[in-house]
Amino acid sequence: MSESLHIGHAQGAPRYFLLGRPLSGGDIVQLCCSGGWITGRFEWDGYAESSPSFYFSIELEGGGIAQQRLALPDGALMRWP
């Protein structure tokens, strides 16, 4: 099951929700891309006027990783892993 993020209020502050559950910075979620689901980390600074971010890693040839950040657009489909 998937849906887009929704902003609401919890504990007197703005907060994002996914499938009825509140999201916290560092939560692991999955983002739907044209080729399938990518697992990454949700981050948000807590200000209603700023966009949340999705962090994920790309494996590099020869070892190592490259961490990438995407600003999540309105309507992006996500789910809990």
(message) Taking the square root of 5 times each eigenvalue of the Cα gyration tensor, what semi-axes in Å does the equivalent ellipsoid of the chain have, largest first?
(response) 24, 14, 10
(request) Would you mind getting the accessible area per residue of region 14-73, heavy atoms of the protein chains only, 1.4 Å probe, in Å²? (result) 60 Å²
(request) State the answer as a single residue: which of H9, L60, G75 lies farthest towards the positive end of the charge dipole of the chain, with beta carbon charges of +1 for Lys and Arg and -1 for Asp and Glu, about the Cα centre. (result) H9
(request) Leaving ligands, DNA and RNA out of it, rank M1, M78 by accessible area with a 1.4 Å probe, largest first. (result) M1, M78
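The values are calculated or read from the model by the stated rules, or taken from the named source; none is laboratory data. Owing to the predicted nature of the structure, the values given are computational and were not obtained by experimental measurement. Reconstructed Cβ throughout: ideal geometry from the backbone, glycine too, with neighbour counts over all protein chains shown. Accessible surface areas use protein heavy atoms only, side chains included; no ligands, DNA or RNA. Shrake-Rupley method; radii C 1.70, N 1.55, O 1.52, S 1.80 Å.
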